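So the structure is just underneath, and the comments pick up after that.
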Amino acid sequence: MSLPPGFLDELRNRTSLSEVVGRKVVWDTRKSNPSKGDMWAPCPFHQEKTASFHVDDRKGYYYCFGCHEKGDAISFLRDTDNMSFMEAVQTLATMSGLEMPAQDPRAKEKRDRRAELTDVMETAVRHFRLNLAGGAGAAARDYLAGRALTGPALERWDIGFAKDGWQGLWDHLRDQGVAEDLILECGLARPSSKGGKPYDTFRNRIMYPIRDAQGRCIAFGGRAMDPGDTAKYINSPDTLLFDKGRSLYNHGPARSAAGKDGPLIVAEGYMDVIALSEAGFACTVAPLGTAITEDQLRLMWRMADEPIIALDGDKAGLRAAMRLIDLALPMLEPGRSLRFCVLPQGQDPDDLLKSGGAAAMSALLDKATPLVEMLWQRELEGRNLDSPERRAALDRDLRFAVAKIQDASLKGHYNDALRARRDTLFGKNKPQRGFADARSTPWRGKGQPVSRAATAAARASALAAGAGQSTDELREAVILASCLYHPTQIDEHAAALEEIDFIGPGHAAIAAALLDSRTQDPEALRAELSARLGAGALESLLARPHVATAPPVMNPSNSEIARLCVAEEVAKLSASRGVAQEVADATEALSGEADEWVTWRLGQAAEAQHKAHSSQDGDKAEFDIAPNGVRLDRDERAAMDRLFDQIQFAKSDKYKP
């Protein structure tokens, strides 16, 4: 439904964000100041012990300094309770005593329809429960008892039984007055192709209700009692209530337990989830009959930064793990990944719990394998690396895998980790040609640096000094000023603003304030930052001639110019920092191997690089890719080529001091 102008502003003004959030967190009384609306708590979106989640009650927004989740009361309810936008608005309106405007008839009709379907599903739950308790459910009860599921556990999970008949549920629901179209729309029955009555979707199966995050039954999973059945497990079809690619079994209880009862465990099926939960691992979920999807991964990461994928130790389980790696790589972020717990061959979680108890499961979870190690094992699987060509093929495949990672910093750490494993495998102790990026091309004679982290001496050398710090400061200033005049660019480039190591005076504080602000009005944003940082901070930034003539500042109404300008300045700043790091690494690698003449030659090359970097023609040049994944323009690339040619010359036998 459409809301009248000003309604959301009034709703936010009446809503106490700390009251909304306080239902999900325990405030840190040492850091919080209720009188000022300044509240701190451990983050409800990821597991942590420290209070890095900040609520500003007066401004009505929250921000986590650990996982970077941010938003207002509406987004908080949507993320924590899996509500739709309008459900969150309705909840807040009820809390604040604000009357909702007249509803859109179509939206109301859809919500009413969902409510009707949910009632039908709950009626089916009760019917299946009665079947399990009756004479027809004896065999199913025996099976469940063999899995240690009896009275209390069956009630907790609402497990039932569908009789072996064509219209058992259909007839029951019709006798209860449920309309035929509702039964069909719930996916509980299917039309007959022969013109007869619709027939039940589930027959002779143990029934597991699938509930959404609010606990409403939205679908069923059914396990066949007949060993000869063509499908051991089937799920409800997708309906208005149920999208299996966007749902998780045990989602609601697991989310409530997240961060309290150990890590988030992702098991393969219903019985795995039930067995683990009954053994004390309450934070456990499972996908619903298909491979894990992107939407399911996002749901998991809202509950935990590093879900543990618990897989059966058979070939199917391992294949599932390898497929998940490719899905997860482009979605990884700093602090957000996966771990893998592969169970012993032939065992599932229930088997392990029966043989070794919860302690055995905990021991395996504690040793869960990081994603990078699973990637390495996958690429080594079945390879014979007895020739240069085969080793080169390994390098190529690792490059392609790492290239899928979007975050530049994370990509670098993956390169480092995989390179270390490669060197150990081949018995290498010296730098090897790297596989930093699938897009990069080899530099003539250049070896991969031993480490990305340069020593203080290397950073202070004449070589490193050629990286153009003053130019970097100007680029930082243009980026920040562009965001001040075009607040829409803050969210679009939030990742870059968070990652840039600002060196300009006051730049880091301005960037942090921009990320904290929720204002989309440029004048209001500048006023807010002036009040927070002092008027002098912005005046100093905007007074620079290079900033005052920047296209986004001179064209405050053209957001496209701002978008292009910020993207370009971020790319060039990244290139500059990357060049400086490469130079520092190279200087450090030469430690003890070159005399003053070599150092002088390298300094000259670095100076040439700096001139190329700061030239007007260089600003307009096309970009190329350096081995560390950053973008360089043509002149920067040529300067770096010359630099590393001289490094190799200095290290070769041709140079005789």
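All of the numbers you see were taken from the coordinates with simple rules; none came from a lab. All figures in this text were calculated on a predicted structure; none of them were measured in a lab. We place every Cβ from the backbone using ideal geometry, glycine too, and count neighbours over all the protein chains shown.
The share of alpha-carbon pairs in the stretch 106-242 lying farther apart than 20 Å comes to 45%.
Here each label is just a point 7 Å from Cα along the line to Cβ, and for HIS546 and THR91 those points are 4.8 nm apart. In the stretch 310-430, a dipole from Cβ-located charges (positive for Lys and Arg, negative for Asp and Glu) runs towards its positive end, and of LEU418, ALA368, PHE340 it is LEU418 whose Cα lies farthest in that direction. Per-residue Cβ neighbour counts within 10 Å put PHE202, PHE45 in the sequence PHE45, PHE202, beginning with the fewest. Were the residues from ASP181 through PHE426 laid out at 0.36 nm apart, the gain over their Cα-Cα distance would be 81.6 nm.
Cβ-Cβ distance of PHE400 and PHE65, R₀ of 30 Å, FRET efficiency by 1/(1 + (r/R0)^6): the value works out to about 0.30. Answer with one residue from GLN520, PRO556, ILE510: the one whose Cα lies farthest towards the positive end of the charge dipole of the stretch 509-557, charges on Cβ with Lys, Arg +1 and Asp, Glu -1. Among GLN520, PRO556, ILE510, the one farthest towards the positive end of the dipole of the stretch 509-557 is ILE510.
With respect to the cross-link table entries LYS24/LYS49; LYS36/LYS59; LYS108/LYS197; LYS163/LYS197; LYS70/LYS244; LYS411/LYS572, which display a Cα-Cα separation exceeding 20 Å? Write out the running numbers ahead of the final one.
Details: LYS24/LYS49 15 Å; LYS36/LYS59 11 Å; LYS108/LYS197 31 Å; LYS163/LYS197 17 Å; LYS70/LYS244 28 Å; LYS411/LYS572 18 Å.
Distance filter (> 20 Å) returns LYS108/LYS197; LYS70/LYS244.
Spatially, the stretch 503-539 and the stretch 69-103 are offset by 29 Å when compared through their Cα centroids.
The order of LYS59, LYS110, going from fewest to most other C-beta atoms within 10 Å of their C-beta, is LYS110, LYS59.
Once the Cβ-Cβ distance of ARG378 and ASP351 is raised to the sixth power relative to R0 = 41 Å, the FRET efficiency obtained is 0.95. A straight line joining the Cα centroids of the stretch 191-246 and the stretch 318-353 runs 27 Å.
For the stretch 246-377, what mean projected area does the convex hull of the alpha carbons give, in nm²?
Over every viewing direction, the Cα hull of the stretch 246-377 projects on average to 7.2 nm².
Expressed as a fraction of 2.2 N^0.38 Å, the value expected for a compact globular protein of N residues, the C-alpha radius of gyration of the stretch 7-96 is 1.02.
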